[in-house]
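So the structure is just underneath, and the comments pick up after that.
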């Protein structure tokens, strides 16, 4: 009986399980699948990616500090790994940013230094500067500070803060006694000038206007990402005024970056900016001169010592400059080389055919130690050739590359011994003696001269020559050219025109000159150098009847040494 009850109970449970499966089967299967999935869950990047940006934005808004703390190690590790694995990639990314920053920093530093140095040097050698040095010694203040106090007088009259993108005036302050100006008009003007300079004079379009001079005012401009600061200054400002303006602009950007970039005319979000601008309204004036006072007992001695020191400095500078010029002249001279210098001792290499060291004058206390070299410079090779070959003044020597060229007249120029001597000269590898000839004998020259002076050109009337005049000019031109080439001297041919003696003397002289000029022009056309010829006229004794044989042009030769 008991067994039947047990069987009946088991049957009831099975039926209840089947009923539950029928009613809730799909829900049960889903719950079991979820249990299995969460038990074995591993994050899937594809599922997390869509929600990650939104999660980071929510974390930034709710707890930015905690987000920074959590993500910074990852960012630092990523940067470190990138620098190790691919540093060039990081350099390429940062180059457009770092390059302009470095250039701007260097430019600003050099500009500040140059302005300061120029202002000091303008007074560096004046009597006033000596007084400032004495003042620095008496007060314990540096000389540079004393100079700055006494030379830089200025007044910052107005300060403008202008939005760069729109040109709107953000804030404006001015001194109480400064002339008022329409700040919006000033803002528009500065913005227009900046655009003009950038469009007209900049290739890249990123140049910025840094300074404008308008009458007695100097406008210094500093640029920031969203705004620029302009200071209207009367006089010569201190260098640190620009530095203070730059620092103020950086603070304003740091405190109001968003308000500056979105400024549209409402300055409510920029409270406190005018106070920072007002701090830039600096002014400096020279103190009124005091009545002269008696010098302290040691002041005269100090002044004398300073003057003596200044004199010694000027003298030392002149000596150093003279030494420098002397050594430069030595080093540039052919065949001389300044090899080494140690203090006042100078080692000079000199070719025997170069100029002597004494020929350069005073050595200005330098101890010159000469050593011999063989120079291959063209002027030295030519001087060496003239010495070795014992060339006379009638021979011109030139070096073209490594070829020695001689021009002129010389006894036995083509002898084998002469050529061997020439080729043995250092720096000479080839010879060109084609323009070198032996001089003619006096007898040959005299015969040629007699032939030329025996020639004449006959004229029929006025400047009408006979038929054979042209052939006579050809012969004459050849002889004159030959004489000049052989003698290597300036052969001057005097061309003398004459008349038959009838008529007025003045008219006959003019006619003779015309006939001489006709012959000269004919010789010019045949290649005779005009410097070798001169013309003249002579008159014959008055005759009642014309002497036709005197209607001619005759010649006379004059030899002038070159």
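Testing the spin-label approximation: label points 7 Å from Cα along Cα→Cβ at residue 18 and residue 416. State their distance in nm.
Here the answer is 14.4 nm between the modelled labels.
Using the 10 angstrom Cβ neighbour count as an exposure proxy, how do 330, 79, 391 rank, fewest first?
79, 391, 330
Report Rg (one decimal) and Dmax (nearest whole number) for region 315-369, counting Cα atoms only, units Å.
10.9, 36
Per 0.36 nm of contour for each residue apart, how much would the distance between residue 398 and residue 282 grow if the chain were fully extended, relative to their Cα-Cα spacing?
Residue separation times 0.36 nm, minus the Cα-Cα distance, leaves 34.4 nm.
Extent of region 378-437 along each principal axis, from alpha carbon coordinates, in Å, largest to smallest?
Sorted from largest, the Cα extents of region 378-437 read 24, 22, 19 Å.
What is the gain in length, in nm to one decimal, between residue 525 and residue 130 on full extension, counting 0.36 nm per residue of separation less the C-alpha to C-alpha distance?
Computed gain between residue 525 and residue 130 is 134.5 nm.
Could you give the distance between the Cα centres of region 52-81 and region 452-479, to the whole Å?
Using only Cα atoms, the two centres lie 113 Å from each other.
Tell me the label-point distance for the pair residue 36, residue 471, using the 7 Å Cα-to-Cβ offset, in nm and rounded to one decimal.
Output for this residue pair reads 13.7 nm.
Sorted from fewest to most neighbouring beta carbons within 10 Å, what does the list 381, 396, 314 look like?
So the ranking, lowest neighbour count to highest, is 314, 396, 381.
Computed FRET efficiency, Cβ-Cβ of residue 59 and residue 262, R0 35 Å: what is it to the nearest 0.05? Could you put the intermediate results ahead of the total?
Details: r = 25 Å, r/R0 = 0.73.
Between residue 59 and residue 262 the formula returns 0.85.
Under a point spin-label approximation (7 Å from Cα along Cα-to-Cβ), what is the residue 310-residue 492 distance to one decimal in nm?
Taking the simple label geometry, residue 310 and residue 492 are separated by 6.2 nm.
Rounded to the nearest 0.05, what FRET efficiency do residue 358 and residue 319 give with R0 = 25 Å and r taken as the Cβ-Cβ distance? Could you check?
Numbers: r = 20 Å, r/R0 = 0.78.
It comes to 0.80.
Quick one: order 455, 228 by neighbouring beta-carbon count within 10 Å, fewest to most.
Final ranking by Cβ density, sparse to dense: 455, 228.
What is the gain in length, in nm to one decimal, between residue 430 and residue 461 on full extension, counting 0.36 nm per residue of separation less the C-alpha to C-alpha distance?
Gain on extension, residue 430 to residue 461, equals 5.3 nm.
A short reminder: the numbers here are calculations on the coordinates, not readings from a lab. If you're wondering where the values come from, they're calculated on a predicted model, not measured in any experiment. Heads up, the Cβs are rebuilt from the backbone with ideal geometry, glycines too, and the neighbour counts pull from every protein chain shown.
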